[in-house]
1. Could you list which residues have their amide H under 5 Å from that of ILE5, counting only those 5 or more apart in sequence or on another chain, with H placed in the peptide plane?
2. Calculate the spin-label point distance for CYS8 paired with GLU69, positioning each point 7 Å from the Cα along the beta-carbon direction, and give it in nanometres.
3. Label points 7 Å out from Cα along the Cβ direction at GLU27 and TRP52: separation in nm?
4. I'd like to compare 42-55, 9-22: which one has the highest average count of other Cβ atoms within 10 Å, and what's the full order after that?
Amino acid sequence: MARLILVCGPTGVGKTTYSLSLAKEIEAIKFSIDPWMQTLFSKDMTSLDFEWMMERVSRCSEQIWQVSEQILAINGNVILDLGFTTKGISLLIELNGLD
């Protein structure tokens, strides 16, 4: 049976370290928002603009969720280490139709 695991917690408590260990243990695909943001947008960020950054976090989260749904549909395990701000949790609920 496929599992979706959300790893939540404040910055610096070890979410990513835990997620990496758990992914190996249960043979899961792990998604973290930081590598996506760094790879896709770090070179484009010319100043610290929270609104600009959150728009891109939202776009990455949507894409990560679309890929996660495909993995879950073929009975794979997924770990989401996305930081889970209130907006992030709301987005997951909306995308999953759990209103």
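Only the coordinates and a few stated rules stand behind these numbers; no lab work does. Values in this document were obtained by computation on a predicted structure and should not be read as measured data. In this analysis, Cβ positions are derived from the backbone assuming ideal geometry, glycine residues included, and neighbour counts consider all displayed protein chains.
1. Under 5 Å from the amide H of ILE5 lie the amide H atoms of VAL78, ILE79, LEU80, each far enough along the sequence or on another chain.
2. Calculated label separation equals 2.2 nm.
3. 4.4
4. The peptides rank, most packed first, as 9-22, 42-55.
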